[in-house]
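Colleague: Mind having a look at this structure? Questions to follow.
The values are calculated or read from the model by the stated rules, or taken from the named source; none is laboratory data. All values derive from a computational prediction rather than experimental measurement. Counting neighbours? That spans all protein chains shown, and the Cβs are built from the backbone with ideal geometry, glycine included. Heavy atoms of the whole protein, side chains included, go into the accessibility calculation; ligands, DNA and RNA do not. Shrake-Rupley method; radii C 1.70, N 1.55, O 1.52, S 1.80 Å.
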Amino acid sequence: PNPFHERLGFLFYHNMLATSMEVLTDSSQYPLMVRHLEKLRNAAYHGDYQWVLKEITRDPVMLIWLNGNQNTKQQPNENFGRELMELFTLSPTDANGNINYSETTVAEVARACTGWTVQNLNVGNGQREWSAVFGQAIHDTNPKVIFEGTAYQGVVQTDFDVIDHIFRSH
């Protein structure tokens, strides 16, 4: 009924926040992609990109796609943190060619994004459903300093803190 929102959700958001069915290794995970695409459609109606990023950050398909489900305090995985900055928000350099973030910031953002897994949960009546689950035991609770030594320096704890800091500071 609204071609603009369909195009925004599927052509723009799904192109920029790209995922694929190929990472869903179990056919019982396929409904995750339907929910993911519905989330992108709803995002087009919401109109707040910061909110969209928060929704997608903890989306099971995105967690699997960018290894967020393997990102623990014992073994931080930088894949999502790097893409969050490189593709979803800042880009590696600004319009003048200045570097927007360091490898240290990528590592700190990865630490802030720890704790999320994707699990097949029992939802009752013999039904199971794949869902994003936060595990406090695998989340790095120590403060993380991002953009150290720049005008954008800040301290964050979680994935949402990183997104809020980027939108507030840059």
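Colleague: Using only Cα atoms, figure out Rg for the range 31-125 and give it as a multiple of 2.2 N^0.38 Å.
Modeller: 1.22
Colleague: Note down the magnitude of the dipole of the chain about its Cα centre, charges +1 on Lys and Arg C-beta and -1 on Asp and Glu C-beta and zero elsewhere, to the nearest 20 debye.
Modeller: 300
Colleague: How many percent of the accessible area of the range 1-148 is carbon or sulfur, using a 1.4 Å probe?
Modeller: About 50 percent, which is the carbon plus sulfur part of the accessible surface.
Colleague: Right, something else. With runs of 4+ DSSP H residues as the only contributors, calculate the mean residue ellipticity of the chain at 222 nm using -39,500 (n - 2.57) per run, divided by the residue total and rounded to the nearest 500.
Modeller: Only helices count here, giving -10000 deg cm²/dmol.
Colleague: Next question, about the same structure. Using a cut-off of 23 Å between alpha-carbon atoms, which lysines can reach Lys39, once sequence neighbours fewer than 8 places away in the same chain are excluded?
Modeller: Lys54
Colleague: For the range 146-151, what does the Karplus curve 6.51 cos²θ - 1.76 cosθ + 1.60, with θ = phi - 60°, yield as ³J(HN,Hα) per residue in whole Hz, taken in order and with x for Gly and Pro?
Modeller: Once rounded to whole Hz, the list reads 10, 6, 4, x, 10, 5.
Colleague: Identify which of Asp159, Asp140, Asp48 has the largest mean-square fluctuation in a Gaussian network model of the chain, with springs joining Cα atoms closer than 10 Å.
Modeller: Asp48
Colleague: Against the globular-protein guess of 2.2 N^0.38 Å, express the Cα radius of gyration of the range 75-145 as a ratio, rounded to two decimals.
Modeller: Compared with the compact-globule rule of thumb, the range 75-145 sits at 1.48.
Colleague: Report the Rg/Rh value for the range 41-81, based on alpha-carbon coordinates and the Kirkwood definition of Rh.
Modeller: 1.08
Colleague: Quick one: compute a quarter of the convex hull surface over the Cα atoms of the range 1-72 and quote it in nm².
Modeller: 5.1
Colleague: Whose amide H sits under 5 Å from the amide H of Asn77, counting only residues 5 or more places off or on another chain, with H placed in the peptide plane?
Modeller: Distant-sequence amide H within range of Asn77: Thr72.
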